[in-house]
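Data first, discussion second: the structure below is written as structure tokens.
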Amino acid sequence: MGASTAWEVLVYRAGALVATEVLTQAETIIGRFPKSAKLVLASGGVSRRHAVLRQQPAQGGHRFALLQHD
């Protein structure tokens, strides 16, 4: 994996913005368990290690791939 840049994730619940997170790693785990996830979502519908996002270089910006979803 190459160098990563900071990117901002906006978290919405029921259409309302509830949080923003600045992520700096090329790969980010999303889940409800703080010990294994960088972006923690406290919801019964989210597993402990729910998804992995990976930054991928793209012409003119960045692309993000959802690598895993439980």
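The values are calculated or read from the model by the stated rules, or taken from the named source; none is laboratory data. Just so you know, these numbers come straight off a predicted model, no measurement behind them. Using ideal geometry, Cβ is built from the backbone for each residue, glycine included, and neighbour counts are taken over all protein chains shown. For accessibility, only protein heavy atoms count, side chains too; no ligands or nucleic acids. Shrake-Rupley method; radii C 1.70, N 1.55, O 1.52, S 1.80 Å.
Key figures for this structure:
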| read-out | value |
| --- | --- |
| Pairs, first over 15 Å from ARG13 (Cα atoms) in the range 32-52, second surrounded by fewer than 16 Cβ atoms within 10 Å (Cβ to Cβ) and among the aromatic types (Phe, Trp, Tyr), C-beta under 7 Å, six or more apart | ARG48/PHE33; ARG49/PHE33 |
| Selection count, the range 34-58, where residues are basic (Lys, Arg) and assigned to a strand (DSSP E or B) | 1 |
| Some residue of the range 3-14 being modelled with pLDDT of 80 or more, in a loop (DSSP other than H, G, I, E, B) and touching a Leu at 6+ places or on another chain (Cβ under 9 Å) | no |
| Residue match in the range 42-61 (condition: open to solvent by 60 Å² or more (accessible area, probe 1.4 Å), modelled with pLDDT of 80 or more, under 11 Å from the mean Cα position of the chain (by Cα) and aliphatic (A, V, I, L, M)) | no |
